[in-house]
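Novice: Dumping the structure here so I can ask a few things about it.
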Amino acid sequence: MLQRVSRASVTVAGSVAGSIGPGLLLLVGIEPSDTDEDVQRAVDKVMNLRVFPDDQGRMNMSLLDCGGSVLVVSQFTLLGDVRKGRRPSYGDAASPEMAEPMVDRMVERLRAAGVHTESGVFGAAMEVDLVNSGPVTLVMAINRGRVVR
């Protein structure tokens, strides 16, 4: 899930782990079928998605165009299935051993592309504080290198 923010931060055990000004908050869930190609496709999409306003106020600028930052927060609960019963099932979420390196690669690739990128702490209980700008919130799903939503 991607949210355009004026500012966002993530706190773990009372200490700020990551904080950004204007940019994007990414809440990232990894599925067992996700690949390195999916991670790269997500990074490319996030950097180039035109969700920031131009001089006329139209969403016509990308993160790269406006020099925004990214805060990446791993969140396996995005993959919760609530179709049955009253308790979400997380069977669609990748194991921590698979998911953590993929989230780390996403952060590394954003930074390598010159995007100021902060992150939460994988597997930790985190408090996320944000000011959603717009509001703009998008659900983005990438599978086998294709954007499917």
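Novice: Pull up the stretch 45-69, narrow it to residues that are in a strand (DSSP E or B) and free of Cβ contacts under 8 Å to residues at least 60 places away in the same chain, then point me to the one that is nearest to Val107 (Cα to Cα).
Specialist: Ser69
Novice: Sticking with this structure for a sec: In the stretch 72-129, what count of residues is obtained for those that are among the acidic types (Asp, Glu) and in a strand (DSSP E or B)?
Specialist: Within the stretch 72-129, residues that are among the acidic types (Asp, Glu) and in a strand (DSSP E or B) number 4.
Novice: Just a yes or no: is a residue in the stretch 136-147 under 25 Å from Asn48 (Cβ atoms), among the charged types (D, E, K, R), assigned to a loop (DSSP other than H, G, I, E, B) and out of contact with any His (no Cβ under 7 Å at 6 or more places or on another chain)?
Specialist: Checked the stretch 136-147: at least one residue is under 25 Å from Asn48 (Cβ atoms), among the charged types (D, E, K, R), assigned to a loop (DSSP other than H, G, I, E, B) and out of contact with any His (no Cβ under 7 Å at 6 or more places or on another chain).
Novice: Which members of the stretch 75-122 meet the condition of being closer than 18 Å to Gly18 by Cα and of a type in the set (S, T, N, Q)?
Specialist: If the condition is that a residue be closer than 18 Å to Gly18 by Cα and of a type in the set (S, T, N, Q), then Gln75, Thr117, Ser119 are the ones that fit.
Novice: A further question on this structure: Being of a type outside the set (D, E, K, R) and within 16 Å of Val51 (Cβ to Cβ) is the filter here; which residues of the stretch 1-20 pass it?
Specialist: Passing the criteria: Met1, Leu2, Gln3, Val5, Ser6, Ala8, Ile20.
Novice: To continue, here is another question. Pairs only if they're at least six apart or on different chains, beta carbon under 9 angstrom, first in the stretch 9-23 and farther than 11 Å from Val128 by Cβ, second part of a loop (DSSP other than H, G, I, E, B) and of a type in the set (Val, Ile, Thr); list them, first residue then second.
Specialist: Ala13/Val121; Gly23/Val115
Novice: Of all residues in the stretch 70-103, which are in contact (Cβ under 8 Å) with a residue 60 or more places away in the chain, surrounded by fewer than 18 Cβ atoms within 10 Å (Cβ to Cβ) and in contact with a Pro (Cβ under 9 Å, 6 or more places away or on another chain)?
Specialist: Asp92, Ser95, Met98
Novice: Confirm whether Phe122 is closer than 13 Å to Leu24 by Cβ and either at pLDDT 95 or above or within 15 Å of the chain's Cα centre (by Cα) (or both).
Specialist: no
Novice: While we're looking at this one, here's another question. For the stretch 36-50, give me each residue that is surrounded by fewer than 21 Cβ atoms within 10 Å (Cβ to Cβ) and closer than 25 Å to Ser133 by Cα.
Specialist: Across the stretch 36-50, the qualifying residues are Arg41, Asp44, Lys45, Met47, Asn48, Leu49, Arg50.
The values are calculated or read from the model by the stated rules, or taken from the named source; none is laboratory data. This is a predicted model, so every value here is computed, not measured. Every residue, glycine as well, gets a Cβ built from its backbone with ideal geometry; the counts of neighbours run over all protein chains shown.
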